[in-house]
Amino acid sequence: MALSFQHLTSTKQLTREDMDAILKVSLEMEKVRDSGSSELLKGKVLASLFYEPSTRTRMSFEAAMHRLGGSVITAEGIQFSSMYKGETIEDTIQMASQYVDIIVMRHPEQGSADKAAQVSGVPFINAGDGPGQHPTQGILDMVTISKERGTLDGISITMVGDLLYGRTVHSLSFLLGLYKDVTFTFVAPDALQMPEKVTSYLDEKGMKYSVTQELEDGLNSDVLYMTRIQKERFADSSQYEKLKDSYILEAAHVKDRDITVMHPLPRVNEISTDVDALPNAAYFRQANNGVIARMALLAMLLGEA
């Protein structure tokens, strides 16, 4: 299935047709993964360039490529790359394009993905550019919501925590804006509320949203999307210390509710471990969906699905 883009830097690139196609192929890839592996991408090479810490995104991309019969070469940490010597992002990507068939990159600089995509000679995927976007997390979140709730149209979702710097909630909001009658509740301290770039987009789409500081105001939604307060995004550590424990979800909040609990992970203490055993705790299933969503993207961008 063809996508409307060659490089993926932002979820704002996607059409509903793109997202529906990715959902369909992701479910097909789930069968491939569960059967063991495939040779669909045999002979193809992925460059896995992670210049900012990652566990799930990096491992799931690399697992996805291996599951499809391809291979992976890696670069980890700016201090271990030629960027440490002053090489630009553009030069790094032009060089990597000579060696591989597809590139995935995480970088701490917002806008780095756009710089990379402009010069990449092979398909490029943004795995997170600082506080900018995390499009493949948004895509796997859409796969998760679709599987857990059975639909994407007409759902209500509450997003909690660091909504200002949280690239995952930005990416997901742009994707949900492609669907019908989605309602948002944004729960955050005033200093960390959803930025105008997201709310103006929702206004353009005619989406309903409300803003609150109280977790309890958002517990009647279909989906509860928790996020951590991100220490690495604060220039002032005292401000982080003040806000880090703003919201802590406990089992008592959700155990008797028909609400799907999600989190992009890693969590710190914003979800108590007593939530983990509840049937509506979906965050580890969500992480598992990262492999099939990224298998779908790799195959589709390489023209093999």
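Every number in this text was worked out from the coordinates using simple rules, so none of it is lab data. Owing to the predicted nature of the structure, the values given are computational and were not obtained by experimental measurement. Heads up, the Cβs are rebuilt from the backbone with ideal geometry, glycines too, and the neighbour counts pull from every protein chain shown.
Convex hull volume of the Cα atoms of the chain, normalised per residue: 126 Å³. As a rough footprinting exposure proxy, the listed residues 104, 268 were ranked by other beta carbons within 10 Å of their own, and the order from fewest upward is 268, 104. This ranking places 7, 66, 263 by how few other beta-carbon atoms lie within 10 Å of each, fewest first, which gives 66, 7, 263. Exposed loop positions in the chain were taken to be GluC sites (Glu not before Pro) whose DSSP state is not H, G, I, E or B and which have at most 15 other beta-carbon atoms within 10 angstrom. Between these positions, the longest stretch is 110-213. With 5 Å bins beginning at zero, the pair-distance distribution over Cα atoms of the stretch 183-291 amounts to 2, 11, 20, 22, 20, 16, 9, 1 %. Taking other C-beta atoms within 10 angstrom as a stand-in for reagent exposure, 226, 95, 207 fall in the order 95, 207, 226, fewest first. Working note: 222 nm ellipticity from helices only, DSSP H runs with n ≥ 4, each -39,500 (n - 2.57), summed and divided by the residues of the chain, gives -11500 deg cm²/dmol to the nearest 500. Note on the chain: with charges restricted to the Cβ of Lys and Arg (+1) and Asp and Glu (-1), its dipole about the Cα centre is near 620 debye. Charge dipole of the stretch 100-165 (Cα centre as origin; +1 on each Lys and Arg Cβ, -1 on each Asp and Glu Cβ, all else neutral): 80 debye, rounded to the nearest 20. Placing +1 on the Cβ of every Lys and Arg and -1 on the Cβ of every Asp and Glu, with no other charges, gives the stretch 135-286 a dipole of roughly 460 debye about its Cα centre. The residue among 166, 136, 200 whose Cα reaches farthest toward the positive pole of the charge dipole of the stretch 135-286, with charges on the beta-carbon of Lys, Arg, Asp and Glu, is 136.
Loop-located trypsin sites (Lys or Arg not before Pro) across the stretch 7-114 with a Cβ neighbour count of 15 or fewer within 10 Å are 42, with loop assigned by DSSP.
Too long at a 28 Å Cα-Cα cut-off: which of 115/208; 31/115; 147/205; 12/147; 12/180; 197/242? From the list (115/208; 31/115; 147/205; 12/147; 12/180; 197/242), the Cα-Cα distance tops 28 Å for 115/208; 31/115.
Note on the stretch 60-192: percent of Cα-Cα distances in each 10 Å bin, starting at 0 and stopping at the bin with the largest distance, equals 11, 34, 31, 19, 5, 0.
The mean of 1/r over all distinct Cα pairs in the stretch 1-76, once inverted, gives the Kirkwood hydrodynamic radius of 13.9 Å. On C-alpha positions alone, give me the angle between the axis of helix 196-205 and the longest principal axis of the chain, in degrees, nearest 10. Tilt of helix 196-205: around 80 degrees.
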